[in-house]
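Asks: Just dropping this structure here.
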Amino acid sequence: MELTPERLVAQLGQGPLRPVYLIAGPETLRVLEAADAVRIRAREQGYAEREVFEPEGRDIDWNALEATLRAPSLFAARRVVEIRLPTTRPGKDGAKVISEFCEAPPDDILLLVTGGEWSRQHGGKWSEAIGRVGQIAVAWGVKPHEMPDWIERRLRSRGVSADRDAVQRLADRVEGNLLAAAQEIDKLVLLAEGTTLDSARMDDLVADAARFDVFRLVDAALSGQTAQAVRMLAGLRAEGEAVPALMGMVVMELQRAAALARVQARGGNLNAEFRAQRVWDSKQAVYTRALQRHPAPRWDQFLAAAGRIDRIAKGRAPGDAWQALERLLVAVAEPRAASLLA
C-alpha cells in the first residue's frame, strides 16, 4: 500500500523499522524530508553506518552495490544503504539487485531507495518486492489550491501564526514551489517575533525584491541571464549561505527541466507535461527558453554535475563547490559555456 510521506513519517515511531523503504515522487521537498526522517529513526535504532549509491555518469555500479549488500558491517552492527535514482528507474540490473535483497533482507541492513519521479510505469516487480517487506511512500505534488493549507500547517508546526491573507501572499510568491515556501517559513520563524503576521507584515518579511535568493537564482540561469545568475550567487555567498542549502532547489529545477526536455525530444505534448510537472503559467516561458538552448542529453549532464557539486560541498569529492556551482549555472544560462562542465 502506498503511503504519503507524512503518513510514513508518522508511522516510523510506532515500532521497529522495516528492512526497505522506497520514497519517490515529483515533490522533492517531501521526498527529502521523509528520507531524513528514516535516517534519523535509523540512527536511533543503532544503524551507525551509512553508504550512498547514486549514478556516476549514466548508471549506478550495481555490482558494487550487490557486493555491499552481501558484505558484513565492518564498524557497526547495523547500517543504512541508500540508492538514489533521479528517474526512479533501476533498470534490469538494479531491479534484480533490489528484488533479491527483498527476498531475504539481512537483519543488519536497512535499504533506502529515493527517486524524483513516479508513475505506474516506474513501478514493477522490484517495487512490488519492496512493498511486500517494506513501505512505499509517494510524494505527489501539492496542487495550487492546496498550497495555502500546506503553508498554514507548516507555519503552525513551527510556532508561527499568520492570517489567511498573509498565507495567501506567501503562496502567491512561491508559485507552487514547496522548497521555496519552506525556506521562507524557516526565515519567518526567526523574524515573526511571536506576532500574528498580516499581509503587510508578510510583504515586509518575504517580498523584498532586492534580496538575493536561490528561487530567483535558478530562474536567472534558466532564463539565460548569465551575469545576473553570477551576481546573485555571489550575493548568496556574501550573505553566508552554504552550498548544500542551495542544491535542493537547483537539483529540483534541473530534474523538472530534464523531464520536460525528454518529452519534447520524443515529440510529446509539452503542455501536458507542464501540467504534470506543476509548472505554473507564469513560469512556462522560462522553461521554454531553457529547453530551446539545450538538447535533452545536456540536462542529464547538468544533473550529473549537480550531483558532483553536492558531493564536493559535503567533503566527499575534491574541488571548490562555489566555483563548480557557478560554472553549472553559467552553463545552464549560456550553451557556449557547456564546456566548463567537461
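Asks: If R0 is 45 Å, what FRET efficiency do you get for THR4 and SER339 from their C-beta distance, rounded to 0.05?
Replies: Efficiency at R0 = 45 Å is approximately 0.55.
Asks: How would LYS143, LYS283, LYS92 rank on accessible area, largest to smallest, probe 1.4 Å?
Replies: LYS92, LYS143, LYS283
Asks: Helix 226-238 against the longest principal axis of the chain: what's the angle in degrees, Cα atoms only, rounded to the nearest 10?
Replies: The answer is roughly 80 degrees.
Asks: A further question on this structure: Label 7 Å along Cα→Cβ of ARG39; the stretch 79-96 residues with amide nitrogen under 17 Å?
Replies: Label zone hits: 79-86.
Asks: Let me ask something additional. Select from LEU3, PRO26, ALA71 the residue farthest towards the positive end of the dipole of the stretch 1-114; place +1 on Cβ of Lys and Arg, -1 on Cβ of Asp and Glu, and compute about the Cα centre.
Replies: LEU3
Asks: Sticking with this structure for a sec: What does the convex hull of the alpha-carbon atoms of the stretch 225-301 project to on average, in nm²?
Replies: Working: hull surface 22.9 nm².
Quarter of the Cα hull surface area: 5.7 nm².
Asks: Roughly to the nearest percent, how much of the accessible area of the chain is carbon and sulfur, given a 1.4 Å probe?
Replies: 50
Asks: Averaged over all directions, how much area does the convex hull of the C-alpha atoms of the stretch 163-205 cover when projected, in nm²?
Replies: Orientation-averaged projected area of the Cα hull: 2.6 nm².
Asks: Report the dimensions of the chain along its three principal axes from the alpha-carbon atoms, largest first, rounded to Å.
Replies: Projected onto its principal axes, the Cα set of the chain covers 57, 49, 40 Å.
Asks: Helix 296-313: angle to the longest alpha-carbon principal axis of the chain, degrees 0 to 90, nearest 10?
Replies: The two axes meet at around 80 degrees.
Asks: Let me ask something else. Over the chain, what relative contact order in percent results from Cα pairs under 8 Å that are six or more residues apart?
Replies: About 17 percent, as a whole number.
Asks: What is the extension gain from GLU193 to ARG231, computed as 0.36 nm multiplied by their sequence separation minus the C-alpha to C-alpha distance, in nm to one decimal?
Replies: Gain on extension, GLU193 to ARG231, equals 10.6 nm.
Asks: Would you kindly calculate the translational diffusion coefficient of the stretch 300-342, applying Stokes-Einstein with the Kirkwood radius from alpha carbon pairs, for 25 °C and a viscosity of 0.890 mPa s, and quote it in µm² s⁻¹ without decimals?
Replies: On the way: Rh = 10.2 Å.
This corresponds to a translational diffusion coefficient of 240 µm²/s.
Asks: Give me the Å³ per residue figure for the convex hull around the C-alpha atoms of the stretch 126-222. Before the final figure, lay out the partial values.
Replies: On the way: hull volume 13.0 nm³, N = 97.
Measuring per residue, one finds 134 Å³ for the Cα hull of the stretch 126-222.
Asks: Something else: Keeping all protein chains in position, work out how much accessible area THR195 exposes to a 1.4 Å probe, and write it in Å² to the nearest 10.
Replies: My reading of the accessible area for THR195 is about 70 Å².
Asks: Follow-up question, since we're still on this one. With every atom except the alpha carbons ignored, what do you get for Rg and Dmax of the stretch 67-123, in angstroms?
Replies: Expressed in Å, the Cα Rg and Dmax of the stretch 67-123 come to 12.6, 39.
Asks: Let me have the 222 nm mean residue ellipticity of the chain computed from DSSP H runs of 4+ only, each contributing -39500 (n - 2.57), with the sum over all residues rounded to the nearest 500.
Replies: It comes out at -18000 deg cm²/dmol, rounded to the nearest 500.
Asks: Please list, or write none, the lysines whose alpha carbon is within less than 24 Å of the alpha carbon of LYS143, excluding same-chain residues fewer than 8 places away.
Replies: Counting by Cα, and skipping residues close in sequence, LYS143 has these lysines nearby: LYS187, LYS283.
Asks: Can you tell me what the convex hull of the Cα atoms of the stretch 144-184 projects to on average, as an area in nm²? Intermediate values should be presented prior to the final figure.
Replies: Values: hull surface 9.8 nm².
Average projection, Cα convex hull of the stretch 144-184: 2.4 nm².
Asks: Let me know the shape class of the stretch 1-123, please: from the alpha-carbon gyration tensor, a ≥ b ≥ c as square roots of the eigenvalues, rounded when a/c is under 1.5, otherwise prolate if a/b is greater than b/c, or oblate.
Replies: Verdict is oblate for the stretch 1-123.
Asks: For the stretch 165-292, what is the relative contact order in percent, using Cα pairs closer than 8 Å and at least 6 residues apart in sequence?
Replies: 26
The values are calculated or read from the model by the stated rules, or taken from the named source; none is laboratory data. Since the structure is predicted, the reported quantities are computational estimates derived from the model, not experimental observations. Note that each Cβ is placed from the backbone with ideal geometry, even for glycine, and that neighbours are counted across all protein chains shown. These area figures cover heavy atoms from the full protein model, side chains too; ligands, DNA and RNA do not enter into them. Shrake-Rupley method; radii C 1.70, N 1.55, O 1.52, S 1.80 Å.
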